[in-house]
1. Can you pull out every residue in the range 240-255 that is under 20 Å from Ala177 (Cα atoms) and either assigned to a helix (DSSP H, G or I) or modelled with pLDDT under 90 (or both)?
2. Just checking, how many residues over the range 332-352 are buried (at least 21 other Cβ atoms within 10 Å of the Cβ) and not hydrophobic (A, V, I, L, M, F, W, C)?
3. Could you tell me which of the residues Leu74, Leu89, Leu113, Leu162 is modelled with pLDDT of 95 or more and of a type outside the set (D, E, K, R)?
4. If you go through the range 221-235 one residue at a time, do you hit one that is closer than 17 Å to Ser65 by Cα and either polar (S, T, N, Q) or modelled with pLDDT of 90 or more (or both)?
5. Identify, please: which residue in the range 275-333 is over 27 Å from the mean Cα position of the chain (by Cα) and not in a helix (DSSP H, G or I) and is, among those, nearest to Leu114 (Cα to Cα)?
6. When Ala296 is evaluated against the numbered criteria (1) in contact (Cβ under 8 Å) with a residue 24 or more places away in the chain; (2) surrounded by fewer than 20 Cβ atoms within 10 Å (Cβ to Cβ), which criterion, by number, is the only one it fails?
Amino acid sequence: MSPLRQLLRTKPVDLITDESAHTPLRRSLGLLPLVSLSVGATLGTGIFVVLGQAAPVAGPAVTVSFAVAALAALFSALSYAELAGAVPLSGSAYSYTYATLGELVAWVCGWCLLLEYGVSVAAVAVGWSGYLNAFLDATLGFQVPAALSGDVVDLPAAVVVLLATAVLLGGVKESAAVTTVTTVLKVAVLAFFVVVAVFGFRSGNLAPFAPAGVAGVTGAASLVFFSFIGFDAASTAGEEARNPQRDLPRAIVISLAVVTVVYVLVAFTAVGAVGVDALAGSDASLATVLQRVTGAGWPATVLSAGAVIAIASVVLTVLYGQTRVLVAMARDGLVPKVFARVGAKRVPTVNTVLVGVLVAVLAALVPLGQLAEATSIGTLVAFSLVNVGVLVLRRTRPDLPRGFRTPWVPVVPLLGLGLCVLLVAGLAPATWLAFGVWSAAGLVVYFGYGRRRSELARHSAQGE
């Protein structure tokens with residue numbers, strides 16, 4: 001086999017199906033835990049902070065911006081839904097691209113996912129530390145000393161990562177139960193916000209509705225798009241779902257619908273209650289709304305508690321996703337096999353501990369800054385490859401059973417791909433630089449380790 005063909009060799013879908021059928025992981029997740037996993041990974045820091053940034057760009061039409069961003073995410077979500085049902089394996093977009101676009105592209109995709117999950121978990125943990133301090137100050141009049149909450153080391157950030165690691169080590173069924181409870185709680189807190197904010201609603205706060213026109217609406221949509229990242233989390237549970245062909249596609253689409261409804265309702269009631277200017281002048285925009293509407297501090301405290309719960313659950317669900325991507329890559333031989341080793345509770349014990357400790361250290365010691373923005377580019381690259389993967393698999397395996405079929409192919413995948421490319425092109429130069437460094441490091445690892453130890457290469461050599 002020529003070097004080029006080696007790099008582009010695809011993993012047979014029949015082999016993937018066999019691995020899924022004989023997985024050492026525990027199949028214990030039904031539809032509700034899968035939906036909770038995706039909603040839990042998506043509904044986090046975004047809605048608590050991004051509204052105050054996007055409202056000045058679009059004006060009251062920021063509600064429409066959330067709907068536009070959801071539509072952009074929907075195209076990729078439909079492609080994810082088809083591949084999740086057709087290739088029900090841990091690894092999400094990595095596994096899908098291995099089956100459709102070849103080993104090198106799959107490696108790039110998996111490497112992007114590791115960037116997305118790993119750095120974003122650390123960044124979210126740092127954000128959780130700030131919300132925790134705000135909550136402690138409001139309720140107990142106490143804060144973690146500055147030296148231990150970011151100035152020297154961020155101890156709360158490390159602690160929340162290690163707590164999430166401990167929950168994951170308890171087993172996937174137990175982790176799913178925690179995720180479901182925390183997801184329900186944070187949806188309830190945001191529903192509480194909507195109910196309270198409605199009492200302060202004034203139609204005059206919605207005029208003029210779109211002062212910056214279409215440009216403002218689309219500009220704000222680009223800002224809020226990243227609040228939808230995470231709907232693909234259920235696809236990392238392909239080997240732990242009881243009925244992956246049926247439930248994974250449903251979980252992806254349902255979770256995106258739930259998040260969209262919550263975002264639009266929160267944005268609409270917030271703007272209607274206090275107006276754009278009040279939102280733009282506050283870092284804690286939702287808490288500001290409740291304080292202005294009620295004139296009391298306790299509703300904002302309830303919201304702060306919800307933010308602490310929301311962000312902690314994001315740490316748990318995204319950390320879970322990263323460990324499962326590593327399981328798939330390790331099983332394929334592209335990273336050390338230790339990451340695929342399953343312990344007594346049928347979870348990847350060594351993998352979870354190593355990832356948890358590494359991310360905890362990152363969260364505690366590294367000022368992430370613009371590096372965290374690189375998670376966006378990693379996500380969009382993965383989304384792009386999934387959209388292409390649907391087109392390829394429709395052509396190469398039209399006979400493959402699919403639990404869900406993306407409608408209007410090739411229009412929907414092409415629209416998803418185009419929107420991803422458009423958003424990637426608009427990212428800052430510093431983000432591209434960080435991504436370039438990460439990608440170069442990934443290629444060194446692949447050509448120095450993964451390419452020579454690839455299980456697919458071994459099978460191909462035995463076949464020859």
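1. Pro244, Asp247, Leu248, Arg250, Ala251, Ile252, Ile254, Ser255
2. Number satisfying all stated conditions: 4.
3. From the options Leu74, Leu89, Leu113, Leu162, the qualifying one is Leu162.
4. yes
5. Ranking the candidates gives Gly281 first.
6. Against the list (1) in contact (Cβ under 8 Å) with a residue 24 or more places away in the chain; (2) surrounded by fewer than 20 Cβ atoms within 10 Å (Cβ to Cβ), Ala296 comes up short only on (1).
Yes or no, residue by residue, for (1) crowded, with 16+ Cβ neighbours inside 10 Å; (2) β-branched (Val, Ile, Thr); (3) in a helix (DSSP H, G or I):
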site	(1), (2), (3)
Leu385	yes, no, yes
Val388	yes, yes, yes
Val392	yes, yes, yes
Pro398	no, no, no
Pro401	no, no, no
Phe404	yes, no, no
Leu415	yes, no, yes
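Residue-by-condition table, conditions (1) closer than 30 Å to Leu25 by Cα; (2) out of contact with any strand residue (DSSP E or B) (no Cβ under 8 Å at 6 or more places or on another chain); (3) of a type in the set (D, E, K, R); (4) free of Cβ contacts under 8 Å to residues at least 24 places away in the same chain:
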| position | (1), (2), (3), (4) |
| --- | --- |
| Asp232 | yes, yes, yes, no |
| Ser235 | yes, yes, no, no |
| Gly238 | yes, yes, no, no |
| Val253 | yes, yes, no, no |
| Leu256 | yes, yes, no, no |
| Thr260 | no, yes, no, no |
| Val264 | no, yes, no, no |
| Phe268 | no, yes, no, no |
| Gly275 | no, yes, no, no |
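The values are calculated or read from the model by the stated rules, or taken from the named source; none is laboratory data. Computed from a predicted structure; not experimentally measured. Counting neighbours? That spans all protein chains shown, and the Cβs are built from the backbone with ideal geometry, glycine included.
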